[in-house]
Amino acid sequence: MSEEPEVITRVEGQVGRITLNRPKALHALTTDMCRLMIEALVAWRADPGVKLVLLDHSGERGFCAGGDIRMLAESGAGDGAAAREFFHTEYRLNHLLFHYPKHTVAVMDGVTMGGGVGLSRPCRFRVATERTTFAMPETGIGLFPDVGGGWYLPRMPGHIGLWLALTGARIKAADCELVGVATDYVESKDVERLKAGIIADPAAAETVLTELEADAGRPPLAAHQDEIDRIFGHEDVETIFAALERETSDWAAEQLKVLATKSPQTLKVAFRQLQLGGQMQAFADNMAMEYRIGARVVQKHDFIEGVRAVIVEKDNQPKWSPATVEGVTDEMLDEIFAPLPPDQEWTPLP
Ligand code: QUE
């Protein structure tokens, strides 16, 4: 008897289908899962019998919660080699999907966070349902919004991407459409029909999506866009905190409360990451930057402590160091963003 694989890859008709299948961990990604996906995508890229790639998940509990955080923290507490290997592989997969020459469809029928965003966001069609919850929650565990966050987030309308990156806010389907995370909305009850329709005729994927398209409703975020742009458009993290303190709305007070729980170091890392990524011309340059950051951050106190407090012991009382954004110096950030030795830099798949 063989164990069920954590990613199921097969060709159905003319559709290459990748099904995330690690339901007990909300399909959080391991290095092996990323390798399996790369292998299938590379084979299908050259296969004229595959017209489209469909990316979905088994079970009812979501698309993908992120990465194998416990492994990353254990590795980071040691030599960090396994963590770097994971990031290197995952970012190659993100990059492969970004430039994939065939149509890709991601069905995000549930939690889509961190690593799950890195898989779905590069897809041509990104289907949300009423069960979709999107977030980049990494600053809450002393990590940073990677998997292409430096590219996608600063390209969202106004300063919504920075707000998502810093607060780790969770948004639902209508807001996913507003910020461009989702291209389509389909009710969960129609997801099986959607997949069957795409597999039956991948050339008609867009038509099937249009036929099953439903109304996600009004995006709640729209009511806060002006506030977000006014506050999160400031020139640094300290000024954003100061601006929030001057605001009088309940919403602003809530944002301030949320930001106060996040790792000051990774708030500043994320701010600089989005600033630099927003100016880059090539997605690969952004991934190389994120790999430099990941290689450093995974071995820092805040990540080990964040995983302890939020994931392992769940006391939700991380003791960040430095404890305030004022304590995080430009020199610390320079070190995190500095180039790696040439033979250790991230490179796309050959
Ligand atoms: C930040 C993260 C992750 C997170 C929580 C954060 C993350 C991740 C998970 C997660 C959640 C449920 C699971 C699981 C992992 O939580 O990346 O295996 O069952 O994977 O605040 O980056």
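The values are calculated or read from the model by the stated rules, or taken from the named source; none is laboratory data. These numbers come from a predicted model, not from an experiment. FYI the Cβ positions are ideal-geometry reconstructions off the backbone, even for glycines, and counts take in every protein chain you see. Calculation scope for accessible area: heavy atoms of the full protein, side chains included, ligands and nucleic acids excluded. Shrake-Rupley method; radii C 1.70, N 1.55, O 1.52, S 1.80 Å.
Observations
- Largest accessible area first, the residues THR167, THR248 order themselves as THR248, THR167 under a 1.4 Å probe with ligands, DNA and RNA left out.
- Listed residues LEU164, LEU119, LEU340, most fluctuating in the chain (Gaussian network, C-alpha, under 10 Å): LEU340
- Each label was represented as a point 7 Å from its Cα along the Cα-to-Cβ direction; for ALA196 and GLU130 these points are 2.1 nm apart.
- Projecting the Cα positions of GLY217, ALA173, LEU143 onto the charge dipole of region 124-280 (unit charges on Cβ atoms of Lys, Arg, Asp and Glu, taken about the Cα centre) puts LEU143 furthest along the positive direction.
- Förster-model FRET efficiency, 30 Å R0, ASP343 and ASP229, C-beta, rounded to 0.05: 0.10
- Each Lys and Arg contributes +1 and each Asp and Glu -1, all at the Cβ; summed about the Cα centre of the chain, the dipole is approximately 520 debye.
- Estimated 222 nm signal from helices in the chain, with DSSP H stretches of n ≥ 4 weighted -39500 (n - 2.57), rounded to 500: -13000 deg cm²/dmol
- When DSSP beta bridges are restricted to pairs lying wholly in the chain, around 30% turn out antiparallel.
- The residue among VAL310, GLY49, VAL269 whose Cα reaches farthest toward the positive pole of the charge dipole of the chain, with charges on the beta-carbon of Lys, Arg, Asp and Glu, is GLY49.
- Other residues with beta-carbon under 11 Å from the beta-carbon of GLU247 carry, at +1 per Lys or Arg and -1 per Asp or Glu, a net charge of -2.
- Here the chain is scanned for trypsin sites (Lys or Arg not before Pro) in DSSP loops (not H, G, I, E, B) that have at most 16 other Cβ atoms within 10 Å, and the longest stretch holding none of them is 171-313.
- Sparse-neighbour loop sites [chymotrypsin sites (Phe, Trp or Tyr not before Pro); region 247-350; at most 16 other C-beta within 10 Å; DSSP]: none
- Largest to smallest in accessible area, the residues GLU290, GLU3, GLU235 fall in the order GLU3, GLU235, GLU290 (1.4 Å probe, all protein chains included).
- Remark: for residue pairs LYS102/LYS268; LYS172/LYS268; LYS24/LYS189; LYS195/LYS262, the C-alpha separation exceeds 32 Å in LYS102/LYS268; LYS195/LYS262.
- Computed label-point distance, nm, for sites MET280 and GLU39 using a 7 Å Cα→Cβ extension: 2.8
- Hydrodynamic analysis of the chain uses the Kirkwood radius over alpha carbon pairs. Inserted into Stokes-Einstein at 37 °C and 0.692 mPa s, it gives a translational diffusion coefficient of 160 µm²/s.
- Given charges at Cβ of Lys, Arg, Asp, Glu: region 1-148 dipole, positive-most of ALA77, GLY13, THR31: GLY13
- In the assembled protein chains, ILE8 presents an accessible area of approximately 50 Å² (probe radius 1.4 Å).
- Probe 1.4 Å, accessible area per residue of the chain, Å²: 42
- Within the accessible surface of the chain, defined with a 1.4 Å probe on protein heavy atoms only, the carbon and sulfur portion equals 51 percent.
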